[in-house]
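The structure appears right after this line, and notes come after that.
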Amino acid sequence: MKQHDATPLTDYIEYPEQEMLSRSEHFYQEIKRRHSIRSFSDRPVAKEIIENCIKAAGTAPSGANHQPWHFVAINSAEMKAQIRSQAEEHERSFYAGRAGDEWLDALKPLGTDANKPYLEHAPWLIAIFSQKKGGIHAEDKHTNYYVHESVGIATGFLINALHSSGLVTLTHTPKPMSFLSKVCNRPENDRAYMLLVAGYPADDASVPHHASVKKSLNEIATFL
Ligand code: IYR
């Protein structure tokens, strides 16, 4: 490898093989309890928890370590109401036909529709933005690389962190999503990537049967 500044890896932890096996099994058991939830309680969640989860997301790998993401965590009732009203407006035309029959058919088993009350009920909405230009320092204006991949991985970390903290989430992708940039007052360079809803589940929260059908290991993996 070419000469570069580096520090020795000191925070790696090697576990005995038996422990690795049980940790991997435990992680699987924990992550398989994550479900997309569409019925949220309005119980508040401390800002510090959300901050820690976003810090965890910020450790994700990214193209050239440019960290091409920005997270806007929204707790304000007025802002949430604004987002709900604009998201529902877009969703109404989406469900009225803009999505096309094939897409609407694919969504039927999930029971989703244009009503998004959780955008107001949940204590936190986290708007995730991707950045085409940037760099390792927030003020940089270089090209970013693998932006979609990087932000996708960070979003995965964030969902995992929120789940591990004991919260439930929903990945919400209103279409189009550009209104989020305006509501969140983001600069031109920031493109809305996803809206994550986070909080406690409502007492009547449920998991659609369709969502709990997961492909088997044989279907999703090949070992060569
Ligand atoms: N954004 C819409 C539609 C939607 C699309 C997919 I793909 C889903 O997996 C779920 C919903 C909505 O939030 O209703």
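The set of residues in the range 94-120 being open to solvent by less than 30 Å² (accessible area, probe 1.4 Å) and either farther than 25 Å from residue 198 by Cα or away from the ligand (no atom under 11 Å from the Cβ) (or both) consists of 99, 100. Only one of these is in contact with a Lys or Arg (Cβ under 6 Å, 6 or more places away or on another chain) and not β-branched (Val, Ile, Thr): 71, 129. Name it. Going through 71, 129 in turn, just one is in contact with a Lys or Arg (Cβ under 6 Å, 6 or more places away or on another chain) and not β-branched (Val, Ile, Thr): 129.
Cβ-Cβ distances below 6 Å connect the following pairs, each with a first residue in the range 137-163 that is of a type in the set (A, V, I, L, M, F, W, C), a second residue that is modelled with pLDDT of 95 or more and assigned to a helix (DSSP H, G or I), and a separation of six or more residues or different chains: 154/57; 157/56; 157/57; 158/53; 158/57; 161/53; 161/56; 162/53.
Just one of the listed residues (18, 82, 86, 29) is open to solvent by less than 100 Å² (accessible area, probe 1.4 Å), part of a helix (DSSP H, G or I) and within 30 Å of residue 216 (Cα to Cα), namely 29. Candidates are the residues of the range 171-180 that are open to solvent by 20 Å² or more (accessible area, probe 1.4 Å) and within 10 Å of the ligand (Cβ to nearest atom); the one that is nearest to the chain's Cα centre (by Cα) is 171. Counting the residues of the range 51-79 that are among the aliphatic types (A, V, I, L, M) and either at pLDDT below 95 or loosely packed, with under 12 Cβ neighbours inside 10 Å (or both) gives 1. Scanning the range 153-171 for residues that are among the aliphatic types (A, V, I, L, M) and under 12 Å from residue 199 (Cα atoms) yields 159, 162, 167, 168, 170. Does residue 150 count as crowded, with 19+ Cβ neighbours inside 10 Å, within 14 Å of residue 194 (Cβ to Cβ) and either hydroxyl-bearing (Ser, Thr, Tyr) or more than 19 Å from the chain's Cα centre (by Cα) (or both)? For residue 150, the condition - crowded, with 19+ Cβ neighbours inside 10 Å, within 14 Å of residue 194 (Cβ to Cβ) and either hydroxyl-bearing (Ser, Thr, Tyr) or more than 19 Å from the chain's Cα centre (by Cα) (or both) - is met.
Yes or no, residue by residue, for (1) among the polar types (S, T, N, Q); (2) surrounded by 13 or more Cβ atoms within 10 Å (Cβ to Cβ):
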residue	(1), (2)
161	no, yes
166	no, no
169	yes, yes
182	no, no
204	no, no
216	yes, no
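Just the residues that are away from the ligand (no atom under 16 Å from the Cβ) and surrounded by 14 or more Cβ atoms within 10 Å (Cβ to Cβ), please, taken from the range 32-50. Hits for the range 32-50 are 41, 45, 49, 50.
The values are calculated or read from the model by the stated rules, or taken from the named source; none is laboratory data. Please read these numbers as outputs of a predicted model, since none were measured by experiment. All Cβ positions, even for glycine, are placed from backbone atoms using ideal geometry, and neighbour counts span all protein chains on display. To get the accessible areas, we keep the full protein, side chains included, count just its heavy atoms, and leave off ligands, DNA and RNA. Shrake-Rupley method; radii C 1.70, N 1.55, O 1.52, S 1.80 Å.
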